[in-house]
Amino acid sequence: MTNRSSRPWYLAPYYIWIVLFVIAPIALVVYFSFLDLAGDFTLENYANFFSSTYFRMTLSSFWYAFLITLISVLIAYPTAYWLTKTKHKQLWLLLIIIPSWINLLLKAYAFIGIFGLYGPANQLIQFFGAGPLQILFTDFSFIFVAVYIFIPFMVLPIFNSLDKINPALIDASRDLGASQWTTFRRVIFPLAINGVKSGVQAVFIPALSLFVITRLIAGNKVITLGTAIEQQFLVTQNWGMGSTIAVFLILFMIIIMLLTGPKEKGGALNGKAK
Amino acid sequence: MKGIIRASAAIVIISAVLFYAVHLLESSSATSGSGSISVYNWGEYIDPELIDQFEEETGIQVIYETFDSNESMMTKVEQGGTSYDVAMPSEYAIEKMKENDLLLPIDHSKLPNLDNIDPYFLDLPFDPGNEYSIPYFWGTVGIAYNPTLLEGQTFENWDDLWNPTLEQEVILVDSAREVIGMGLNSLGYSLNSTDLGELREATDKLKTLGPNVKAIIGDEIVEMMRREEAAVAVTWSGQAADMMWINEDIDYAVPEEGSNLWFDNMIIPSTAGNVDGAHQFINFMLDAEVAAQNADYVGYSSPNAAALELMDPEVTGDERFYPTEQMRDRLEVYENLGLEMLGVYNELFLEFKMDMEK
């Protein structure tokens, strides 16, 4: 009961929000996943999910999400590291963030033009002597555009955690004779790992359910769980099956959150010595 | 704390000013005439000038919204929320909406222009006596192709799409019934087949088309074909007409084995708020001159006989877009196969997409 009295009244809007817009929708999704087309209780949707089509779709969604996340980390980590060393940090950061304010559809349509047979990308290739290549509607274009879209969400958390590292720690490491590589491996990397983890969460989870760019950039040759959910709801009108896929997506997300969640090892790790 | 209060106050004041501005704008544009109607139509499916003309003539304000599939349109009407007064679904969707009581009967006495419609398009099986629907446009599904990008291939048969020289050249429309239907037609089956064996055979055959498929997309097809990014597209006749409008090299053919013949119709959803305005709008669209102008703009085939007389005979005599009644016999109209069967079609379509070479 002491617990209750310690919760101030002004948290009420927060609880109402959570119940209405987080708990209730998830409960509804779970409820619908047990209904068939006629609205009767069934477990068939779950059986159906483990059929070959959806199982392969899940695997391929994971594979693409993995590639997108991996490439984003490989690009974002050095970028974030370099950002912490620059003079005008906030300006550079802003330049990286601004593209994420532009509507996703607009960016996708721009890439249709850029990657087209007569677009700038192919003109560049032709300049170097190769014939026009089919870039649009390939794995390459899909992953390229997805990485482009997600990079700001990876750079930001990594930058924040790198920026928080006390320079004295790095100096100390050098003074004690560690090489640059060892300093990175033993000091910088462990201190910034939580930034990478939140970056992975911010990229991997949405990448699992991308559906706009799978159509516009990959020409529906890449099918993710998001595409399947959209189709079940809007075309097939099988809300039960759509909800079942959504339930699995939520489960995958929870698993990923648990895997990448920050592990508390005492305050010292993140602590900025003051 | 002071800063937060000040910032919040600023946001509240700005919102209030914007809200008032919107209110002013809306009331100034809707002062004259008898209210407004909301029209729910496919994208790129009306000449916008005609909306202005209708507003001027009747004083009724038109709120115009678009959808991209019959299914999403039905979902939105069913959920209520917005009360649409006129919508333009296809025939099988009308059957389904009728079953679900989502339609209001249409009062023919309020539509004097109904006489303009070719009787061939009236009293069709999906809506006997046109109790709930009035023809808007009709058309076919076929193959649009650009001979300048090809080496003399023609498309009399669906099987011509399987030609190995067309590697990575064919765009398909992102719609389960069109693509599975094409597979069924190419094997000589009905595109309303509910036989699981036939459907399986059609899907397996479609999978062998994989290497030729460049993409499966929606309205972007038109732009792709115009810019000569692709040589061949399976699409609706009106989209083909749109492509030809810009790129005159493009041609369109309906394969001999048969294909889909479809009708889009004006209906009044049961949620309509201005039934009288809806009738006025439908009657306006049936006017010969209006229908002719609209058909010119949209590029689909008009069922309006009086309008056809006003149009360029070169257009209305073009058998690719106005096939003769004899040619229409090869074509099939989609039947409402029910949600269960629609699910099967979509599952197979998904399987086909999953199987494609990237």
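Partner chain Cβ atoms within 10 Å, averaged over the residues of B:340-350 - can you pull that number for me? Don't skip to the end; give the middle numbers.
Numbers: counts 5, 0, 5, 8, 1, 2, 8, 10, 1, 4, 10.
Across B:340-350, the average partner-chain Cβ count within 10 Å equals 5.
Can you tell me what share of the DSSP beta bridges in chain B is antiparallel? A percent to the nearest 5 is fine.
The antiparallel fraction comes to roughly 55 percent.
Based on the mean of other Cβ atoms within 10 Å per residue, sort peptides A:231-237, A:108-114, A:40-46 so the most packed one is first. Working shown, then result.
On the way: A:231-237: 21.9, A:108-114: 16.7, A:40-46: 14.0.
So the order, starting with the most tightly packed, is A:231-237, A:108-114, A:40-46.
Just how far, in whole angstrom, is region B:213-232 from region A:181-209 if you go by their alpha carbon centroids?
A separation of 40 Å, based on Cα centres.
Charges only on Cβ, +1 for Lys and Arg, -1 for Asp and Glu: so what's the dipole of the protein assembly as shown about the Cα centre, in debye to the nearest 20?
6680 debye
Name the residue from B:Trp42, B:Leu308, B:Ala16 whose Cα lies farthest towards the positive end of the charge dipole of chain B, charges +1 on Cβ of Lys and Arg and -1 on Cβ of Asp and Glu.
Toward the positive end, the furthest listed residue is B:Ala16.
Using only DSSP helix segments of four residues or longer, with each worth -39500 (n - 2.57), what per-residue ellipticity at 222 nm results for chain B after dividing by its residue count and rounding to 500?
Numbers: 14 runs with 151 residues, N = 358.
Estimated from H runs of four or more residues: -12500 deg cm²/dmol.
At what distance in nm do the modelled label points of B:Phe19 and A:Leu258 sit from each other, each positioned 7 Å from its Cα along Cα→Cβ?
Here the answer is 4.5 nm between the modelled labels.
Enumerate the aspartates and glutamates that A:Lys85 could reach by cross-link, defined here as Cα to Cα under 19 Å, with residues fewer than 8 away along the same chain left out.
Result set, ordered by chain and number: A:Asp163, A:Asp171.
In Å and from the alpha-carbon atoms only, list the Rg and Dmax of region A:162-213.
For region A:162-213, the Cα-based Rg and Dmax read 16.0, 52 Å.
With springs connecting C-alpha atoms under 10 Å apart, model chain A as a Gaussian network and identify which of A:Ile18, A:Ile26, A:Ile102 has the largest mean-square fluctuation.
The residue with the greatest mean-square fluctuation here is A:Ile18.
Using a cut-off of 12 Å between beta-carbons, work out the net charge of the residues near B:Glu65 (Lys and Arg +1, Asp and Glu -1, B:Glu65 not included).
Values: positive: B:Lys76; negative: B:Asp68, B:Asp85.
Spelling it out: positives minus negatives among the neighbours equals -1.
Would you mind telling me the antiparallel percentage of the DSSP bridges in the protein assembly as shown, rounded to 5? Please list the in-between numbers first.
Numbers: 21 of 38 bridges.
For the protein assembly as shown, the DSSP antiparallel bridge percentage is about 55.
Compute the relative contact order of chain B as a whole-number percentage, counting only Cα pairs closer than 8 Å that sit 6 or more residues apart in sequence.
Details: 579 pairs, mean separation 90.9, N = 358.
Relative contact order comes out at 25 percent.
For region B:160-208 and region A:35-67, compute the distance between their C-alpha centroids and round to whole Å.
Using only Cα atoms, the two centres lie 24 Å from each other.
With contacts defined as alpha carbon pairs under 8 Å and 6 or more residues apart, what's the relative contact order of region A:65-210 in percent?
Values: 124 pairs, mean separation 52.1, N = 146.
Over region A:65-210, the number comes to 36 percent.
Tell me the net charge near B:Trp262. Cut-off is 12 Å between Cβ atoms, B:Trp262 excluded, with +1 for each Lys or Arg and -1 for each Asp or Glu. The partial results should precede the final answer.
Working: positive: B:Arg177, B:Arg328; negative: B:Glu91, B:Glu178, B:Asp264, B:Glu332, B:Glu335.
After counting each charged neighbour, the total is -3.
Which loop GluC sites (Glu not before Pro) in region B:278-334, with loop taken from DSSP, have no more than 14 other Cβ atoms within 10 angstrom of their Cβ?
Working: sites: B:Glu289, B:Glu309, B:Glu314, B:Glu319, B:Glu325, B:Glu332; in loops: B:Glu319.
For GluC sites (Glu not before Pro) across region B:278-334 that sit outside H, G, I, E and B with at most 14 neighbouring Cβ atoms in 10 Å, the list reads B:Glu319.
Using a cut-off of 18 Å between alpha-carbon atoms, which aspartates and glutamates can reach B:Lys207, once sequence neighbours fewer than 8 places away in the same chain are excluded?
Within reach: B:Asp159, B:Asp160, B:Glu167, B:Glu169, B:Asp174, B:Glu178, B:Glu198, B:Glu347, B:Glu351, B:Asp355, B:Glu357.
Can you tell me the FRET efficiency between A:Val19 and A:Asp163 if r is taken as the Cβ-Cβ distance and R0 is 45 Å, rounded to the nearest 0.05?
On the way: r = 36 Å, r/R0 = 0.81.
Efficiency computed from Cβ-Cβ geometry: 0.80.
Given springs between every Cα pair under 10 Å in a Gaussian network model of chain B, which of B:Ala144, B:Ala240, B:Ala21 has the largest fluctuation?
B:Ala21
Given +1 on the Cβ of Lys and Arg, -1 on the Cβ of Asp and Glu, and no further charges, what dipole in debye does region A:57-200 carry about its Cα centre, rounded to the nearest 20?
On the way: 9 positive and 4 negative charges, 62 e Å.
Around 300 debye, computed over region A:57-200.
I'd like the per residue volume of the convex hull spanned by the Cα atoms of the protein assembly as shown, given in cubic angstrom.
Details: hull volume 140.9 nm³, N = 632.
In the protein assembly as shown, the Cα hull volume divided by residue count equals 223 Å³.
About the Cα centre of chain B, how large is the charge dipole given +1 on each Lys and Arg Cβ and -1 on each Asp and Glu Cβ? Please answer in debye to the nearest 20. It would help to have the intermediate numbers written out before the result.
Details: 18 positive and 65 negative charges, 338 e Å.
Using Cβ point charges on Lys, Arg, Asp and Glu, chain B gives about 1620 debye.
May I ask for the net charge around A:Arg174, where only other residues with Cβ less than 14 Å from the Cβ of A:Arg174 are counted and Lys, Arg are +1 while Asp, Glu are -1?
Numbers: positive: A:Arg185, A:Arg186; negative: A:Asp171, A:Asp175.
Summing Lys/Arg as +1 and Asp/Glu as -1 gives 0.
What area, in nm² and to one decimal, does the C-alpha convex hull of region A:1-121 cast on average over all directions? Could the numbers behind the result be given before it?
Working: hull surface 64.8 nm².
Computing the convex hull of the Cα atoms and averaging its projections yields 16.2 nm².
Using the alpha carbon gyration tensor of region B:30-179, what are the three equivalent-ellipsoid semi-axes (square root of 5 times each eigenvalue), largest first, in whole Å?
Numbers: eigenvalues 259, 74, 59 Å².
Equivalent ellipsoid semi-axes, largest first: 36, 19, 17 Å.
Please identify, among B:Val141, B:Val12, B:Val234, the residue showing maximal mean-square fluctuation in a Gaussian network model of chain B using a 10 angstrom Cα cutoff.
It is B:Val12.
Arranged from highest to lowest average of other beta-carbon atoms within 10 Å per residue, in what order do the peptides A:177-190, A:199-212 appear? Walk me through the numbers before you get to the answer.
Details: A:177-190: 13.1, A:199-212: 21.0.
Descending packing order for the listed peptides: A:199-212, A:177-190.
If you wrap a convex hull around the C-alpha atoms of region A:137-253 and split its volume per residue, what is the figure in Å³? Mind dumping the intermediate values first?
Details: hull volume 12.8 nm³, N = 117.
So the per-residue Cα hull volume is 110 Å³.
Just counting partner chain Cβ atoms within 10 Å, what average do the residues of peptide A:246-257 show around their Cβ? Write down the numbers at each step before the final one.
On the way: counts 0, 0, 0, 0, 0, 0, 0, 0, 0, 0, 0, 0.
What the average comes to for A:246-257 is 0.
In bins 5 Å wide, starting from 0, what share of all Cα pairs of chain A does each bin hold, as a percent?
In whole percents, the pair-distance histogram is 1, 5, 9, 11, 12, 13, 13, 11, 10, 7, 4, 2, 1, 0, 0, 0.
Given just the C-alpha atoms of region A:85-155, how large is their convex hull per residue in cubic angstrom?
119 Å³
In vacuum, with every alpha carbon of region B:211-358 counted as one equal point scatterer, what does the Debye formula give for log10 I(q)/I(0) at q = 0.15, 0.19 Å⁻¹? Two decimals, please.
The calculated log intensity ratios at q = 0.15, 0.19 Å⁻¹ are -1.06, -1.33.
Which entries in B:Lys76/B:Lys110; A:Lys197/B:Lys214; A:Lys89/A:Lys221; B:Lys76/B:Lys214; A:Lys107/B:Lys2 show an alpha-carbon gap greater than 29 Å?
Pairs exceeding the cut-off: A:Lys197/B:Lys214; A:Lys89/A:Lys221; B:Lys76/B:Lys214; A:Lys107/B:Lys2.
Would you mind getting the Kirkwood hydrodynamic radius of chain B from its Cα pairs, rounded to one decimal in Å?
Hydrodynamic radius (Kirkwood, Cα only) of chain B equals 22.1 Å.
Bear in mind that the values in this text are calculations on the coordinates, not laboratory data. Keep in mind that what you see is a predicted model, and the values were worked out from it rather than measured. Neighbour counts run over all protein chains shown; Cβ positions are idealised from the backbone, glycine included.
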